[in-house]
Amino acid sequence: MKATGIVRRIDDLGRVVIPKEIRRTMRIREGDPLEIYTSSNGEVVFKKYSPIGELSAFATQYADVLCKMVNMPAIVCDRDHVIAVAGMPKKEVLERRVSPALEEAMMSRKTYICHAEDEEKLKPIEGIDRYSIVCAPIVSSGDLGGAVLFVSDNIQTDPDETVIKLAQAAAMFLGKQIES
């Protein structure tokens with residue numbers, strides 16, 4: 001753990017304020033769920049809770065099937081990080097942060113579809129030179145949980161309807177899995 005040098009007091013209701021700088025750095029937004037851990041030496045640790053992260057093994061299998069069906073890399077991410085990937089080296093992509101552009105696309109709660117003639121293409125993962133062909137948001141009980149996407153390093157044609165529907169179906173299915 002890294003010390004921040006910031007000290008906060010607990011108020012009479014047991015609340016503590018997480019400083020804005022830390023919330024911004026860690027991408028903690030108002031309403032985000034946090035898990036609380038304690039250790040035997042008195043540490044209290046807050047960790048962002050990712051409902052889709054709980055399904056990472058399942059999401060990895062799903063991404064693998066999607067990748068094989070369309071012969072294109074498939075990625076499943078929560079609102080902040082990649083949690084599952086198929087068709088690309090896992091060590092390069094897994095746990096990487098999603099780009100601000102992907103965050104914005106997810107927040108729209110609409111399926112993003114890249115067209116070959118688009119001048120600006122969506123780079124979904126920080127530090128990875130691939131573009132999102134289709135990005136379908138995962139919504140569970142009205143809450144945004146992440147996204148399912150297909151990526152490519154070269155977009156020459158528009159995605160066909162099958163690719164779009166597969167991404168949407170996968171996102172809807174994962175959203176239902178989070179609910180149950």
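Can you tell me the FRET efficiency between Thr162 and Asp129 if r is taken as the Cβ-Cβ distance and R0 is 22 Å, rounded to the nearest 0.05? Intermediate results must be reported in sequence, preceding the final value.
Values: r = 26 Å, r/R0 = 1.16.
Rounded to the nearest 0.05, the efficiency is 0.30.
Mind checking the full-extension length gain between Asn154 and Glu179? Use 0.36 nm per residue of separation minus the Cα-Cα distance, one decimal, nm. List each step's numbers first, then the result.
Working: separation 25, 0.36 × 25 = 9.00 nm, distance 3.55 nm.
Full extension of this stretch gives 5.4 nm more.
Computed from Cα positions, the angle between helix 161-179 and the longest principal axis of the chain comes to roughly 30 degrees.
Of Gly53, His81, Leu66, which is farthest along the charge dipole of region 38-108 in the positive direction, counting Lys and Arg as +1 and Asp and Glu as -1 at C-beta? The Cα lying farthest towards the positive end belongs to Leu66. With the simple spin-label model, which puts each label point 7 Å out from Cα in the Cβ direction, the Phe46 to Glu119 separation comes to 4.2 nm. This ranking places Cys77, Cys67 by how few other beta-carbon atoms lie within 10 Å of each, fewest first, which gives Cys67, Cys77.
Rank these for me by crowding, Asp158, Asp153, Asp78, going from fewest to most other beta carbons within 10 Å.
Numbers: Asp158 15, Asp153 10, Asp78 25.
Listing Asp158, Asp153, Asp78 from fewest to most nearby Cβ atoms yields Asp153, Asp158, Asp78.
Computed over region 1-59, the P(r) curve from all C-alpha pair distances, binned at 10 Å from the origin, holds 16, 46, 30, 7, 0 percent per bin.
Please order Ile18, Ile113 by the number of other Cβ within 10 Å, starting at the fewest. Show your work: numbers first, answer last.
Details: Ile18 13, Ile113 17.
Listing Ile18, Ile113 from fewest to most nearby Cβ atoms yields Ile18, Ile113.
Would you mind calculating the relative contact order of the chain from Cα pairs under 8 angstrom and at least 6 residues apart, reporting the percent as a whole number? Write out the running numbers ahead of the final one.
Numbers: 297 pairs, mean separation 29.0, N = 180.
The normalised contact order for the chain reaches 16 percent.
Which of Lys68/Lys165; Lys110/Lys165; Lys2/Lys123; Lys110/Lys176; Lys20/Lys48; Lys48/Lys165 have a Cα-Cα distance over 24 Å? Beyond 24 Å between Cα atoms: Lys2/Lys123; Lys48/Lys165.
Rule-based calculations on the coordinates, nothing more; no lab input. None of the values given here were measured: they were computed from a predicted structure. A quick note on method: Cβ atoms are made from the backbone with ideal geometry, for glycine too, and the neighbour counts reach across all protein chains shown.
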